[in-house]
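Encoded as structure tokens, the structure appears first; notes follow it.
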Amino acid sequence: MKGLRLILPLLAVLLMSACKNDAKLGTENNPIKLYFTPSVDADTIASNSIDFIKFLEKETGYFFKSGIPTNYISVVESFGSKRADIAVMNSFGYLMANEKYGASAKLRVIRYGHDYYQGQVIAHVDSGINSVKDLQGKKFAFTDPSSTSGYMFPLKIIKENDVKLGNKTFAIKHDNVVTMVYQKQVDAGATYYSAPSSAGEIRDARARVKTQFPDVEDKVKIVTITEKIPNDPFVFRKDLPAEVTAKFITAVKKYLATEKGKTTFKNIYSVGGLVDTTDADYDGLRNVIKSININIEEQLKR
């Protein structure tokens, strides 16, 4: 009798788990899992996404559950384990999710009126660097090996100019690179670029340190700007039902048309809108990766 009392609760747990696994996607026991890449503070994403989730549930009739993994690789892997059905990802992360798990991009974000961004090479005004050729033998800071704007696209320009850099370092964050150039720890570096506002206010990575270094525009100059890089996509699991995908796309577009939606997405990812996209829109990025010999599969293992 005692053994039976111990077994019954276990059977109940197993039965509940089985029911949950068999539940139709989008129901309370099997909500649609929406992941956010942690490119900004996780608390900022979490607090701002609450209203978005409520709106999605009201518009689609589905239940949703959001998640914020610790890094973008976790978002990629979540498609393989089906922990994620939909995710907002960075462009390079999307290529990995597409190549390994067949995930597909359906929407692309708009920032500052553009569905793309760019990288830039910056240098201290005292460095004597006025062109890419002048980088020969210079101390240089990239952001991260997985960064498109802070590593891949600038590296492509450097290689095309047959330049051999001197000491290279990875500063991880874009504002770290700007700071290192400003303080002359390195001669030059690579960060993201966004065009100035209509009022002439800078919106590239230098803007991130302007509070700390008010004269950053006078001390750190732009040497060159890379070609265009497609903005972050909304990515959908390979075998996600077409009805779920269609309802989500309609709902998120409707949400971004509201004032609350605009504020929410501006707070999370500085997003001002969305545009339809396809996998082919990321072929240019694939070509850049090939040209600088980055193995996506190896990158995924790191």
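The values are calculated or read from the model by the stated rules, or taken from the named source; none is laboratory data. Remember, it's a predicted structure, so these values are computed and weren't measured experimentally. Every residue, glycine as well, gets a Cβ built from its backbone with ideal geometry; the counts of neighbours run over all protein chains shown.
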(request) Name every residue in the range 162-184 that is part of a loop (DSSP other than H, G, I, E, B) and either on the phi > 0 side of the Ramachandran plot or surrounded by 15 or more Cβ atoms within 10 Å (Cβ to Cβ) (or both), in order of residue number. (result) ASP162, VAL163, LEU165, ALA171, ILE172, LYS173, LYS184
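Here's a check for you: in the range 185-202, which residue that is hydroxyl-bearing (Ser, Thr, Tyr) and surrounded by 14 or more Cβ atoms within 10 Å (Cβ to Cβ) is nearest to the chain's Cα centre (by Cα)? Walk me through how you get there before you give the answer.
Of the residues in the range 185-202, the ones hydroxyl-bearing (Ser, Thr, Tyr) are 191-194, 197-198.
Keeping just the survivors that are surrounded by 14 or more Cβ atoms within 10 Å (Cβ to Cβ) gives 191-194.
Details: THR191: 15, TYR192: 13, TYR193: 15, SER194: 15 Å.
My answer is TYR192.
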(message) Can you tell me which of (1) within 21 Å of the chain's Cα centre (by Cα); (2) under 18 Å from ILE157 (Cβ atoms) is the one THR224 doesn't meet?
(response) (1)
(message) I'd like to check something: does the range 207-221 contain any residue that is surrounded by 15 or more Cβ atoms within 10 Å (Cβ to Cβ) and in contact with a Pro (Cβ under 9 Å, 6 or more places away or on another chain)?
(response) no
(message) Just to verify a result, which residue in the range 270-301, among those that are part of a helix (DSSP H, G or I) and hydroxyl-bearing (Ser, Thr, Tyr), is modelled with the lowest pLDDT?
(response) SER291
(message) Residue under question is SER147, and the condition is that it be more than 17 Å from THR226 (Cα to Cα) and modelled with pLDDT under 95; does it hold?
(response) no
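Suppose the filter is closer than 18 Å to VAL288 by Cβ, in contact (Cβ under 8 Å) with a residue 24 or more places away in the chain and not aromatic (Phe, Trp, Tyr); does ASN71 pass it?
Details: closer than 18 Å to VAL288 by Cβ: no; in contact (Cβ under 8 Å) with a residue 24 or more places away in the chain: yes; not aromatic (Phe, Trp, Tyr): yes.
Spelling it out, it is not the case that ASN71 is closer than 18 Å to VAL288 by Cβ, in contact (Cβ under 8 Å) with a residue 24 or more places away in the chain and not aromatic (Phe, Trp, Tyr).
Taking the residues in the range 238-295 that are of a type in the set (S, T, N, Q) and over 19 Å from ASN98 (Cβ atoms) as candidates, determine which candidate is surrounded by the fewest Cβ atoms within 10 Å (Cβ to Cβ). Spell out the reasoning first.
Of the range 238-295, the ones of a type in the set (S, T, N, Q) are 245, 250, 258, 263-264, 267, 270, 277-278, 287, 291, 293, 295.
Filter once more, so that each one left must be over 19 Å from ASN98 (Cβ atoms): 250, 258, 263-264, 267, 270, 293.
Values: THR250: 12, THR258: 12, THR263: 12, THR264: 21, ASN267: 15, SER270: 14, ASN293: 7.
Result: ASN293.
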(request) Filter the range 130-189 for residues that are under 18 Å from GLY93 (Cα atoms) and polar (S, T, N, Q) and give the result. (result) THR143, SER146, SER147, THR148, SER149
(message) Yes or no: the range 72-86 includes at least one residue that is modelled with pLDDT of 95 or more, in contact with a Lys or Arg (Cβ under 9 Å, 6 or more places away or on another chain), surrounded by fewer than 20 Cβ atoms within 10 Å (Cβ to Cβ) and acidic (Asp, Glu).
(response) no
(request) Please enumerate the residues belonging to the range 92-114 that are among the hydroxyl-bearing types (Ser, Thr, Tyr) and touching a helix residue (DSSP H, G or I) at 6+ places or on another chain (Cβ under 8 Å). (result) TYR94, TYR101, SER104
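How many residues are in a loop (DSSP other than H, G, I, E, B) and in contact (Cβ under 8 Å) with a residue 60 or more places away in the chain when one looks only at the range 80-113?
9
Regarding the range 210-218, can at least one residue be identified that is of a type in the set (Phe, Trp, Tyr) and farther than 30 Å from ILE50 by Cβ? Can you show your working first?
First, the residues of the range 210-218 that are of a type in the set (Phe, Trp, Tyr): 213.
Applying the additional criterion that residues be farther than 30 Å from ILE50 by Cβ yields 213.
Yes, there is a match, as at least one residue in the range 210-218 is of a type in the set (Phe, Trp, Tyr) and farther than 30 Å from ILE50 by Cβ.
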